[in-house]
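Structure record follows, encoded as structure tokens.
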Amino acid sequence: MFKGIRYVGRVRPEQAAAGVLDEVPVDLWPRLAARWLAKGFDSGPLRQLAALQPGEAHAALDLMPVALRSIGFDPAVADDQFVVRCQAALDVVQRDLDVTGFGRYRVHAGRPGGWPVMVFAVLPDGSYWSGAWGMTRQMNDAELLLHAAGSVSGTIEDVHEIEWPVCAVHGDDPATRYLDGMESVDDIDGVAWWWCTRAGHGIAQVGRLTGGTARTLC
Ligand SMILES: [Zn+2]
């Protein structure tokens, strides 16, 4: 978690490149860049970053990887490791897609440009839903799986207007529809579960859907 303004001043470029920067609000990145300048690091991109106003978050996200590389710290290694972890979680969710007949939705771990604060499930055509359930570096594997599942479900619903997965018992019940505010995944004692949004119960652990528990395409 963010540990305060004084902590920001102590984040070194090599720590930033290793992913610590995720814990620092983007608004404070220009100030951090200014600190690095004061410590003797110098480059055009770093000066540009230091000159940004607190509200210029998009520019800061784009500039930070460039600025880090320009002073000799490449964030790519840590980013690649993070993306591999996200893909492993998405592969578990893919198994549930496949077993329910939705295997045509191949999901891969993708990140918007610039600094990869969050990784999302991305469909083959590049579409994804960034409304929620992004995967972040600080998450443990169980949390990553929960968010991978939410990201897949949210993307298929947002991009294709298809609800997935749907409980086999309540999915065709016309008397029940979405319960307000209920997500399709939930954390139950630290384990990611698919959640029936119509009757409010666990369907199956993520990665363990079957044709008997979830509605399956013919
Ligand atoms: Zn149900």
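In table form, for the structure just shown:
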{"read-out": "Directionally averaged shadow of segment 1-140, computed from the convex hull of its alpha-carbon atoms, nm²", "value": "9.0 nm²"}
{"read-out": "Cut-off 15 Å between beta-carbons: net charge of the residues surrounding G40, Lys and Arg +1, Asp and Glu -1", "value": "+2"}
{"read-out": "The chain: DSSP helices with Cα axial extent of at least 24 Å and average Kyte-Doolittle hydropathy no lower than -0.5", "value": "76-99, 141-160"}
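The numbers here are math on the coordinates, done by the rules we state, and not lab data. Because the structure is predicted, anything quoted here is derived from the model rather than measured. We place every Cβ from the backbone using ideal geometry, glycine too, and count neighbours over all the protein chains shown.
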